[in-house]
1. With everything on Cα atoms, drop me the angle between helix 344-357 and the longest principal axis of the chain, reported from 0 to 90° to the nearest 10.
2. Provide the FRET efficiency to the nearest 0.05 for the Asn76-Thr340 pair, computing r from the beta carbons and using R0 = 56 Å.
3. What does the charge add up to near His92, with Lys and Arg as +1, Asp and Glu as -1, over the other residues with Cβ less than 15 Å from its Cβ?
4. Treat each spin label as a single point 7 Å out from the Cα along the C-beta direction, and report the Phe161 to Arg83 distance in nm.
5. Considering the dipole of the chain built from charges on the beta carbon (Lys and Arg +1, Asp and Glu -1) around the Cα centre, which of Val55, Leu282, Leu316 is farthest to its positive end?
6. Would you compute, from DSSP H runs of 4+ residues alone, the mean residue ellipticity of the chain at 222 nm, taking -39500 (n - 2.57) per run and dividing by the full residue count, rounded to the nearest 500?
7. Just need log10 I(q)/I(0) for the chain at q = 0.08, 0.12 Å⁻¹, Debye formula, equal scatterers on the alpha-carbon atoms, no solvent, rounded to two decimals.
8. Can you tell me the 0 to 90 degree angle between the C-alpha axis of helix 69-84 and the longest principal axis of the chain, rounded to 10?
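FYI, it's all coordinate maths here, none of it is from the lab. Values in this document were obtained by computation on a predicted structure and should not be read as measured data. We place every Cβ from the backbone using ideal geometry, glycine too, and count neighbours over all the protein chains shown.
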Amino acid sequence: MKIAVLGTRGFPGVQGGVETHCENLYTRLAKMGFDVTVFTRCPYTGPAVKEYKGVKLVPLPCPRNKYLETLIYTFNGIFAVKRIKPDVLHIHAIGPSIFVPLARLLGLKVVMTHHGPDYDREKWGKLAKLVLKLGEWAGVRFANQVIAISRPVADLIKLKFGRTAHIIPNGVVIPGLDEKPGSPVQQGKLLVGASCVFPGKYLLAVGRFVPEKGFSDLMDAWSQARKTQDWKLVIAGDADHEGKYSLGLKEKAKADPSIVLTGFITGETLKEIYCNVGLFVLPSYHEGLSIVLLEAMSYGLSCVASDIPANREMPLDNDRYFTPGDVNALTLLINRFIGTPISGAEKVRQIAALRAKFDWDTVAADTSDIYRGVLRG
């Protein structure tokens, strides 16, 4: 079966939840025998990468502009998809889904995955939010089948549009003991970016530098938390489009030597950092279903997270949630759990719960069933 994909910036090594989702999903579908072509965005992947683990990658030119990028890329992508005559076109996220009706008019069979209500993000102005809501409506209304990455997203679709979506979550790769990299510890310290930290004595947060990730709140809570001098706060990530918020975070970090910004990292470097974390924090205001939280929990890390519907999908205890934006509550949780790893039994239960619910092979199998259903009509 021939599958075309639009909506992702691309992979490998591109920051973003949709990008991680697509990399893990489509490499597995290719291994299952599907003929998969992913149309990527040239500013992120470059024109040279044409194939990755059996997936064909076709870079499309588009401006690296947060307002025009998705619209231009997806509009041109629909016609590029039409030329290769796939059995199914899979569009990810509500922004690109604004062109689902055009794809259907051109005779394409379309699956749309709703990764969350992006119009709730603070970075978008009124016009952009309107376009995103229009994309959500167009995708849910006109796609042959709709997938939601979490129960809260499926509930939103049902409430707003009366349509039942298939719930297929993000997945996570559970690292085996033999897969974990050796800790690059020299003289008792771990090199993180350009800084050195003590293994087990740093908090970690991972994500884009956008307001809804709550990193400014985390920095404020960190400044209030009780900690010894050798503890650090490490934030792995960066901005896709530099702006006032991301620049403000970087200035804030410069003023506090206990805050380390690594920039965007992935692969073995990120694994090495995960392996030595003292406490993982996800302070987001909005998530579809957080892949970085899944990854942190897969390493058996002690985690705390904001109390939002998507994060409640995770196998975390109730006392590890805090109200998003409540800096004092987050400070209290940091003080409570800093330097206290979960027990061996808790770690086993946590990883078993992830394996049962968030397995990428199951995600790929369930998605393939959707494709076959659409092809049958």
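1. Taking Cα atoms only, the helix is inclined about 10 degrees.
2. Result of the calculation: an efficiency of 0.65.
3. In short, -3.
4. Between Phe161 and Arg83, the label points sit 2.9 nm apart.
5. Among Val55, Leu282, Leu316, the one farthest towards the positive end of the dipole of the chain is Val55.
6. After summing the helix terms and dividing by the residues of the chain, the value is -12000 deg cm²/dmol.
7. -0.40, -0.92
8. Helix 69-84 sits at roughly 50 degrees to that axis.
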